[in-house]
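The block underneath contains the structure these notes are about, expressed in structure tokens.
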Amino acid sequence: MQWRSYVAVGDSFTEGMDDPYPDGTYRGWADLVASRLAVDAPEFRYANLAIRGRLFPNVVAEQVPVALAMKPDLISFAAGGNDVLRRSFDPNVLVARFDAVIGELRSTGADVVVFRFADVTARLPGQKIIGPRTALLNRAVGETAERHGAHLVDLFVDHEFYNPVMWGPDRLHLSPAGHRRVAGHVLTALGVQSDPEWMVPPERLPSARWLAARAADAAWAGRHLAPWVKRRLTGRSSGDLITAKRPDLTPFGLRNAE
């Protein structure tokens, strides 16, 4: 199928952190997917409404109505990852809302892409809490995709995401290599040929010695964990002053993703 318009909805995963363009803005897997789809559709248009730090209710309230109004052929929806990190996480409410949202998006006739998230628990504290929550969300995503006929991208079963090289310095957001691999998975789910190099696994770095690993953990905690905790305590978000990078459905070509 040839898609003529694509709207990406979500949080930092879809915004493209940590895959920067030379000017410091973020590219990410969604831009890469758009660049490939534009090859087959000269009039292709693309919008990316995703904003880092957004919780599921915010994504639904702020981005979904805008996406629906644009009437695109293709919509990607990825949200809930920030919610599983919060003490207020309510799985029953989120799962029910997720099903309703995907049903609403599919009712427009648009193709919809959803994601089972890769396992990040090996690199973050709180594995005993985050792990079961992510598993629950992933299971619900799979069931919802099947129920509504959405395209499922299952990152959880791809063990290449256990490679630290696939992740940025904060251990939570994807590196450029990680985003390329996600883009490859999305295009495969859509039945579109991607750049074969996007799926070539990066070489794993040698394991650090115990002392060096603990020093790296301490540096990570000071640079990334402490600011995250401070934002939680003050009720702030990393995306409070951020706006969508592509708020309008406008022409997009390969040159835009370079």
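The values are calculated or read from the model by the stated rules, or taken from the named source; none is laboratory data. Keep in mind that this is a model prediction, so the values were computed, not measured. Using ideal geometry, Cβ is built from the backbone for each residue, glycine included, and neighbour counts are taken over all protein chains shown. Just so you know, the surface numbers come from the protein's heavy atoms only, side chains and all, with ligands and any DNA or RNA stripped out. Shrake-Rupley method; radii C 1.70, N 1.55, O 1.52, S 1.80 Å.
For the range 1-48, the set of residues classified as in a loop (DSSP other than H, G, I, E, B) and farther than 23 Å from S175 by Cβ consists of M1, Q2, W3, R4, A41, P42, E43, F44, listed by residue number. The condition of being touching a Lys or Arg at 6+ places or on another chain (Cβ under 7 Å), in contact (Cβ under 8 Å) with a residue 24 or more places away in the chain and hydroxyl-bearing (S, T, Y) holds for only one of T14, T25, that being T25.
Among the residues making up the range 52-61, a single one is in contact with a Ser or Thr (Cβ under 7 Å, 6 or more places away or on another chain) and either under 9 Å from V9 (Cα atoms) or open to solvent by 40 Å² or more (accessible area, probe 1.4 Å) (or both): R52. In this structure, is F117 open to solvent by 30 Å² or more (accessible area, probe 1.4 Å), within 26 Å of A189 (Cα to Cα) and within 16 Å of the chain's Cα centre (by Cα)? Here the answer is yes, as F117 does meet what is asked. Of the strands (runs of 3 or more DSSP E) lying entirely inside the range 53-171, those containing at least 2 residues that are touching a residue at least 60 places away in the same chain (Cβ under 8 Å) span 74-78, 111-116. Scanning the range 141-167 for residues that are surrounded by fewer than 19 Cβ atoms within 10 Å (Cβ to Cβ), among the small types (G, A, S) and on the phi < 0 side of the Ramachandran plot turns up just one, G142. Each residue in the range 39-55 was checked for being over 18 Å from H151 (Cβ atoms) and at pLDDT below 95, and 7 pass. The listed residues are A100, A61, A30, A69, and the only one of them that is assigned by the TED database to the domain that holds G191, among the hydrophobic types (A, V, I, L, M, F, W, C) and touching a strand residue (DSSP E or B) at 6+ places or on another chain (Cβ under 9 Å) turns out to be A30. Considering every residue within the range 104-125, establish whether at least one is aliphatic (A, V, I, L, M) and over 25 Å from R180 (Cα atoms). Taking every residue of the range 104-125 in turn, at least one turns out to be aliphatic (A, V, I, L, M) and over 25 Å from R180 (Cα atoms). The set of residues in the range 73-112 being within 20 Å of V33 (Cα to Cα), under 18 Å from the mean Cα position of the chain (by Cα) and open to solvent by 10 Å² or more (accessible area, probe 1.4 Å) consists of D111 alone.
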